[in-house]
Amino acid sequence: MKTVFVSSLCYDTDERVVVARLDFDGTWYHYSYTRGVLRAMYLLPFDCKAKVQHVQYWPELPPRIAVRRMRKSRSEYPRFLAWMGLDAPDAMAELGISGGIKATDSFQTMPLPERTPEGQYVTDFFTRGLWQAGLPSVDAARRLATGDRLWLIKDPLSPWCSYKLFADPDGRGPYVGYLPRLFATDIARLLDRCGSAVEVRVRQVNQDAPTVMMVLCRLTSPWPDGFLPFDGQDDFVSLASPDPVECTDEGCIECAFHRQQAAYKRGHEETAISA
């Protein structure tokens, strides 16, 4: 099972809130809302409250997520894959690495890190906020090379305990972007338990990419015993219920559609089992 979370920026507080998750079981995409949406209800205009308790099943990426992935038909798609270090199309990997960032809205996607067979915490990401950091930071980013270590230094002015990334351990010179904000709490836990074994290294620098996809990094750490990603962060918890409230509004077309999708999925699975 692969998982990405969907977050949105609250413009009045500048807080980034996780509002949904998308799971892929190899055949079906499972879309569900998380508890964060209850704090940011205005971000998603629901037609009925029943929607937040249901898992929506899709044989393809849900439209609201599909728009965050570059179309394969576009001529620049191979270059888009190369920027992410991918050799072949992979919808969930693309959403996780790219962040699903669009200039037209504030939604982003992020992966749920999984423990590797070697017992490592590994996640790939593009540095955030590089253009806003200014030209000295952009120039410093362009001088980075594959394999360079970047140092995590907490931004004392950030209300979100964000980490700036520097090319030297003392934080001298321009920083080259931020760690994605929603990883900050987990990384603080890993740093507390694993110290200098938590490493960020440059995977590649894409000189021809926009700044949001210029510096691709990989963060690695030992996976401590008992560690769970985003543990204790309420916004990440799915609201999907095993016994959800059913929508009684006959005019709610979307709920009717998802009931049909769920029925089709059950029928498809029963056919596969009987075969």
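The values are calculated or read from the model by the stated rules, or taken from the named source; none is laboratory data. Source: prediction; values computed, not measured. FYI the Cβ positions are ideal-geometry reconstructions off the backbone, even for glycines, and counts take in every protein chain you see.
Confirm whether residue 178 is modelled with pLDDT under 80 and either under 21 Å from residue 85 (Cβ atoms) or in contact with a Phe, Trp or Tyr (Cβ under 9 Å, 6 or more places away or on another chain) (or both). It is false that residue 178 is modelled with pLDDT under 80 and either under 21 Å from residue 85 (Cβ atoms) or in contact with a Phe, Trp or Tyr (Cβ under 9 Å, 6 or more places away or on another chain) (or both).
Yes or no, residue by residue, for (1) farther than 21 Å from residue 176 by Cα; (2) part of a strand (DSSP E or B); (3) of a type in the set (S, T, N, Q):
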{"position": "97", "(1), (2), (3)": "no, no, no"}
{"position": "100", "(1), (2), (3)": "no, no, no"}
{"position": "105", "(1), (2), (3)": "yes, no, no"}
{"position": "121", "(1), (2), (3)": "yes, yes, no"}
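The residue list 172, 149, 189, 142 contains one member that is closer than 30 Å to residue 19 by Cβ and among the basic types (Lys, Arg), which is 189.
Taking segment 171-215 as the range and being of a type in the set (Val, Ile, Thr) and either at positive phi or in contact with a Gly (Cβ under 7 Å, 6 or more places away or on another chain) (or both) as the test, the residues that pass are 202, 215.
Of the listed requirements (1) exposed (fewer than 15 other Cβ atoms within 10 Å of the Cβ); (2) assigned by TED's automatic domain parsing to the domain that holds residue 34, residue 95 misses just one: (1).
Taken together, the residues in segment 141-152 that are surrounded by 15 or more Cβ atoms within 10 Å (Cβ to Cβ) and either modelled with pLDDT under 95 or within 17 Å of residue 213 (Cβ to Cβ) (or both) amount to 3.
Name the residue that is farthest from residue 151 (Cα to Cα), counting only residues in segment 207-225 that are surrounded by fewer than 19 Cβ atoms within 10 Å (Cβ to Cβ) and in contact with a helix residue (DSSP H, G or I) (Cβ under 7 Å, 6 or more places away or on another chain). Looking at residues that are surrounded by fewer than 19 Cβ atoms within 10 Å (Cβ to Cβ) and in contact with a helix residue (DSSP H, G or I) (Cβ under 7 Å, 6 or more places away or on another chain), I get 209. With respect to the stated conditions, residue 14 fails to be loosely packed, with under 14 Cβ neighbours inside 10 Å and either more than 18 Å from the chain's Cα centre (by Cα) or more than 21 Å from residue 234 (Cβ to Cβ) (or both). When residues in segment 120-165 are screened for being free of Cβ contacts under 8 Å to residues at least 60 places away in the same chain and of a type in the set (S, T, N, Q), 5 of them pass.
Exactly one residue out of 68, 79, 74 is surrounded by 11 or more Cβ atoms within 10 Å (Cβ to Cβ), in a loop (DSSP other than H, G, I, E, B) and either over 13 Å from the mean Cα position of the chain (by Cα) or not aromatic (Phe, Trp, Tyr) (or both), and it is 68.
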